[in-house]
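Okay, so here's the structure we're looking at.
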Amino acid sequence: MIDEQNQFRNTVWYLIPVIVGNAIPILTLPVFTRLLSVEDYGIYALSLVYAIFINGISNFGLSLSYERNFFENKNDLQRAGLLYATLVFIIGTYLLSAALTFLFRKPLSNLVIGSPQYGHILFIAYCATGMTALKTYFLTYFKNTGNAKLFVWYTIDENLTTVLFSWIMIRYFGMGVAGLLWGQLLASAIVFLLLSIRFLRKLPFNIDFTLLKSSLKLSLPLTPRFFFGVIGNQFDKYMIGLLNTVGGVGIYNLGQKIANVTFTFMTAIQNVFSPQVYSIMFNEGESGGVSIGRYLTPFLYVSVAGGLVLSLFAEELIIILTPVSYHGAINIVTLFSLLYVTYFFGKQPQLIYAKKTGITSLLTLLSISLNIVINIPFIYLWGVEGAAWGSLVAGIISGSIAFHVSQKYYRIGWEYPKLLLILGSFFVFALLSLAFFKLQFFYELRLIAKIGFLLIFAFIGYRLKIVSRENILLIKQSFIKAKPINS
């Protein structure tokens, strides 16, 4: 009994930072939505379109190949050689892209945002996004060594520091939307510096360009994927800016940002199961697919549960936390919560494990094509909400195709009846809640319906034996495996 109590305390300890990290974007809404207008948020979102696009290309897909090759190198010297060589290369491309962005900031701003006066914001956005990307290689090391505690704490520290710096920049220095980006840049730079010092003390400095070359061979075919992937993910915002208004981009971005809590929550869960999935793949080969499928079902249920809660209560969150001018984001949150939950299957490393990175680029190109073809008429006809519906429809179609292709190269033995029931109930409950809101049913009835949906979903988990003592212990044990590096 004592051991079980200790396990429970440890599990809660690891979950607290995850909960805090998911709460930060929501709890800060009353502050920033009253300091910034929807147009400010639109400028912020469009500047990030460029920043994410250029940084995605500059990384040459090394983030995925680094994570994969980490498991092929067993000792600290090899892993250090891979880590430091990758960082040196990425820092070089980051600085080069930063210089080019600074030189051409005004014409780029005119192209992306619609006015050359935001060139400085575009440049800061690139620097902030690039600095955030640099530190992820250190965090990936924590994740792959099972050090969930340090992984999450460094992430949460950065989030809290970003909020503090951004508030100071906007409130006391009057920097407006630029303050959001300066806060992110300063916080990421501090965390990167602290991580660099920690790793240089704990991990022997070694640059192995042979391992970097091996990673580049695997990652270069991924570059088109990132190139087209960013176009697909950010195209909707750009089109809203062209066909609608910059303020419309702000509403859309806010809804997407809140819904991203679902994605962040699922990514935190992925950081738990991903190393175990890789381990089973490398240790058991093709025969490990059945055990992987059984292992992942409880994690899918937990991911969906997080998305369901957010989608059902998006109305309450936005109305309570934001001014009326932002309330158009309510439907956006629900639709993107649906979309992000389907990404669970895309997070499985089947094609990366099989070294079929070229196929991932082709799948990404297909996804982008669908997103563009569907989004243009949807945005033209239904504006901001049409973009969310278009992204959801395109995401489901392209995700289904990617799922089918991934299964050909590494077959995971999914528990399909359980998966269909979990996802089906989620979609039904979320869409019914959205319909009730749009039809303006009495709020009391809608609230009762939402609570009922949650109770039914919990009952489904119980009947499927997913909500059980054994599976709760499984998830606990996955979190508890964290150990500090070299300690």
Pairs from Lys217/Lys356; Lys213/Lys347; Lys257/Lys418; Lys202/Lys347; Lys418/Lys465 whose Cα-Cα separation, in the structure shown, is over 21 Å
Lys213/Lys347; Lys257/Lys418; Lys202/Lys347
In which sequence would Lys143, Lys202 go, from the one with the fewest C-beta neighbours within 10 Å to the one with the most?
Lys202, Lys143
Nearest 20 debye, what's the magnitude of the dipole of the range 261-367 about its Cα centre given +1 on Lys and Arg Cβ and -1 on Asp and Glu Cβ?
300 debye
With label points built 7 Å along Cα→Cβ from the Cα atoms of Ala23 and Ser287, find their separation and express it in nm.
4.7 nm
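If you take the alpha carbon radius of gyration of the range 36-235 and divide it by 2.2 N^0.38 Å, what ratio comes out, to two decimals?
Rounded to two decimals, the normalised Rg is 1.07.
Starting from 0.36 nm per residue, how many nanometres of slack lie between Ile372 and Ile448 once their C-alpha separation is accounted for? Could you put the intermediate results ahead of the total?
On the way: separation 76, 0.36 × 76 = 27.36 nm, distance 3.82 nm.
Between Ile372 and Ile448, full extension yields an extra 23.5 nm.
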Could you please rank Ile451, Ile207, Ile330, placing first whichever residue has the fewest other Cβ atoms within 10 Å of its Cβ?
Ile451, Ile207, Ile330
Within the range 403-465: Cβ-based charge dipole about Cα centre, in debye rounded to nearest 20 (Lys, Arg +1; Asp, Glu -1):
180 debye
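Which order results if Ser369, Ser391, Ser433 are arranged by neighbouring Cβ count within 10 Å, fewest first? Before the final figure, lay out the partial values.
Details: Ser369 15, Ser391 25, Ser433 21.
Going from least to most buried by this count: Ser369, Ser433, Ser391.
Provide the FRET efficiency to the nearest 0.05 for the Glu316-Ile396 pair, computing r from the beta carbons and using R0 = 30 Å. Write out the running numbers ahead of the final one.
Numbers: r = 27 Å, r/R0 = 0.89.
For Glu316 and Ile396, the calculated efficiency is 0.70.
Could you calculate the FRET efficiency of Arg34 with Leu194 from 1/(1 + (r/R0)^6), where r is the beta carbon distance between them and R0 is 25 Å, rounded to 0.05? Please list the in-between numbers first.
On the way: r = 32 Å, r/R0 = 1.27.
E(calc), rounded to 0.05, equals 0.20.
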Eigenvalues of the Cα gyration tensor times 5, then square-rooted: what semi-axes does that give for the range 94-181, in whole angstrom, largest first?
29, 19, 8
Rg/Rh (Cα only; Kirkwood hydrodynamic radius) as it applies to the range 52-147
1.10
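The numbers here are math on the coordinates, done by the rules we state, and not lab data. Source: prediction; values computed, not measured. All Cβ positions, even for glycine, are placed from backbone atoms using ideal geometry, and neighbour counts span all protein chains on display.
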